[in-house]
1. Look through Lys135, Lys140, Lys149, Lys175 and report the one residue that is out of contact with any strand residue (DSSP E or B) (no Cβ under 7 Å at 6 or more places or on another chain) and closer than 20 Å to Phe202 by Cβ.
2. Counting residues that are farther than 19 Å from Arg213 by Cβ, which helices (runs of 4 or more DSSP H) fully inside the range 99-200 reach at least 3?
3. Can you tell me which residue among Gly41, Gly63 is at positive phi and surrounded by fewer than 17 Cβ atoms within 10 Å (Cβ to Cβ)?
4. Hey, does the range 12-34 have a residue that's in a helix (DSSP H, G or I), among the basic types (Lys, Arg), more than 21 Å from Asn83 (Cα to Cα) and over 26 Å from the mean Cα position of the chain (by Cα)?
5. Report, by residue number, each residue of the range 112-123 that is open to solvent by 20 Å² or more (accessible area, probe 1.4 Å) and in contact with a helix residue (DSSP H, G or I) (Cβ under 6 Å, 6 or more places away or on another chain).
6. From (1) within 25 Å of Leu52 (Cβ to Cβ); (2) surrounded by fewer than 20 Cβ atoms within 10 Å (Cβ to Cβ); (3) under 14 Å from the mean Cα position of the chain (by Cα); (4) not basic (Lys, Arg), pick out the condition that doesn't hold for Ile126.
7. The conditions are (1) of a type outside the set (Asp, Glu); (2) part of a helix (DSSP H, G or I); (3) in contact with a Lys or Arg (Cβ under 9 Å, 6 or more places away or on another chain), and Ala7 fails exactly one of them. Which is it?
8. What about Ser78, is it at pLDDT below 75, within 20 Å of Gly119 (Cβ to Cβ) and either surrounded by 15 or more Cβ atoms within 10 Å (Cβ to Cβ) or not charged (D, E, K, R) (or both)?
Amino acid sequence: ADAAISASYFLGLVRCFEDDFLPLSESVLLLLIMYHYGSRGLNLRRAAHRLLLLWKAHVQEEGKWESVAVATVSVVESTLDANQRGLSAHLAAAHPDNFLTTKLLMEVSKRLPSVSERGARQMLEILYPWLSQQKLAALKPSQLIDQIKLILHLTSTYISRFPREVEGLWVAMAKGPSMNVKVIIGCLLDLGITKRSESYLFHANRACTFLSRAEPDLTVRAVVNFEPGPPVAPITVMPSRSSSKPSPSTSSKTRSQRHSRKIESDFKDLLQSLT
């Protein structure tokens, strides 16, 4: 109830400022804007952005830019970035869904080519909390392969532009459950058997370097004690020859799918605020 009252008050305040700038301390107003930049609701974050533009225009018009803005504008971007990472961490902690993380990776991969450089850095960074809590050993083989392929694609495409952020993807997975490093290296080796290309080997080697920087002991142990599994084969779906009865878990799967779609919607709102 208190959060709803606060949100309604802030939205009403923004509408008032859009009509006429109220006599309010510039520093106090900026703190209020920064607070709502980290709100969970997309409408609040957009309202905060509109108010920030009004604040900037007012400060410049009043001739206070040098005395007020220059001292604070340098922290605006870093504060916004921190708020976005905090919001992503909150969503990840509230919804620890292994499969959902892969779907969010796909969504980010689709949006990256169309956003600014700063937006791309933010999108890569807000994936960290999702990857660091993921239990890769619990994924189905097909899901694991899809995810590692997707992160390898992000690595090969963006490593030259965003080296720190791309390395952070691998570090986040390595810093998760202790089995993650072993699972990643096993998957990379299995994929290497089927791909056998210099480009793949280059980026897989780079990924292992990132893992070893984050968790050197786990990486060495995973490589030394690696036991090759069966070759990775293409996954084919055979048509069913007979009708089968619905599984008892169909209703729970439906609820899980609805739940996943809701979280995807929340995460897409977060991504939308970065574009």
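1. Numbers: Lys135 fails: closer than 20 Å to Phe202 by Cβ; Lys140 fails: closer than 20 Å to Phe202 by Cβ; Lys175 fails: closer than 20 Å to Phe202 by Cβ.
Residue meeting the stated conditions: Lys149.
2. Details: elements: 117-125, 128-132, 141-158, 163-174, 179-195.
Passing ranges, in order: 117-125, 141-158, 179-195.
3. Numbers: Gly41 fails: at positive phi.
From the options Gly41, Gly63, the qualifying one is Gly63.
4. Step one: filter the range 12-34 for residues in a helix (DSSP H, G or I), giving 12-19, 26-34.
Of the ones still in play, those that are also among the basic types (Lys, Arg) are 15.
Now restrict to residues that are more than 21 Å from Asn83 (Cα to Cα): 15.
In the following step, the residues that additionally are over 26 Å from the mean Cα position of the chain (by Cα) were identified as 15.
There is at least one residue in the range 12-34 that is in a helix (DSSP H, G or I), among the basic types (Lys, Arg), more than 21 Å from Asn83 (Cα to Cα) and over 26 Å from the mean Cα position of the chain (by Cα).
5. If the condition is that a residue be open to solvent by 20 Å² or more (accessible area, probe 1.4 Å) and in contact with a helix residue (DSSP H, G or I) (Cβ under 6 Å, 6 or more places away or on another chain), then Arg121 is the only one that fits.
6. (2)
7. All conditions are met except number (3).
8. Values: at pLDDT below 75: yes; within 20 Å of Gly119 (Cβ to Cβ): yes; either surrounded by 15 or more Cβ atoms within 10 Å (Cβ to Cβ) or not charged (D, E, K, R) (or both): yes.
For Ser78, the condition - at pLDDT below 75, within 20 Å of Gly119 (Cβ to Cβ) and either surrounded by 15 or more Cβ atoms within 10 Å (Cβ to Cβ) or not charged (D, E, K, R) (or both) - is met.
The values are calculated or read from the model by the stated rules, or taken from the named source; none is laboratory data. Here the structure is a predicted model, which is why all the values come from computation and not from measurement. Glycine also receives a Cβ, built like all others from the backbone with ideal geometry; neighbour counts cover every protein chain displayed. We work out accessible area using only protein heavy atoms, side chains counted, and drop any ligands, DNA or RNA first. Shrake-Rupley method; radii C 1.70, N 1.55, O 1.52, S 1.80 Å.
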